[in-house]
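Since the structure comes first, as structure tokens, the remarks are kept for the end.
Values quoted throughout were computed directly from the atomic coordinates according to the rules given, and no laboratory measurement underlies them. Keep in mind the model is a prediction, meaning the values are calculated, not measured. Here the Cβ is made from the backbone with ideal geometry for all residues, glycine too, and neighbour counts use every protein chain on show.
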Amino acid sequence: MSASPPIDRAALIAGLFTLTAVIIGNMVLIIASLSLLSERMDNNLLYGLLRVIGMLSLALPPYVAARAARINPMRHALTLGAAELLLILLMMTQTFSWQGTLQDSVAGRMPLVALAITVISLIAGLIARMLNRDEDR
């Protein structure tokens, strides 16, 4: 039996720094777009656009971790995806809606969010693995 290679701490730290930048960037984007675009754009379109950008931006930290890890990039992508998932679920339970009337709505969305983040992390890891292989040739 061969032992699996250890997780590259530098790759995970790069992914965590990217996750921090993504969260801060998303907050700035949301605040800026709501203050600057809410009167110029249909609110449903703006909300949908911000939602898509937010979900796609969650692919960046697992991708960075997987690209930085030359060995077993999928493990690194899924590890970062798990960290993202825990953080997002924690934020979902700490919002005003968890304590108020929308608690059931938030709880009902958690499985969908978990599935989406897992799929996004898998896709990011697969892309990173493919690009790592192309560079190694």
(message) The conditions are (1) among the basic types (K, R); (2) touching a helix residue (DSSP H, G or I) at 6+ places or on another chain (Cβ under 7 Å); (3) surrounded by fewer than 16 Cβ atoms within 10 Å (Cβ to Cβ), and R67 fails exactly one of them. Which is it?
(response) (3)
(message) Every residue in segment 3-26 that is hydrophobic (A, V, I, L, M, F, W, C), more than 21 Å from I88 (Cβ to Cβ) and without any contact (Cβ under 8 Å) to a residue 12 or more places away in the chain, please.
(response) A3
(request) Considering each of L90, L36, L131, L112 in turn, give the residue that is part of a helix (DSSP H, G or I), closer than 30 Å to S4 by Cβ and free of Cβ contacts under 8 Å to residues at least 12 places away in the same chain. (result) L90
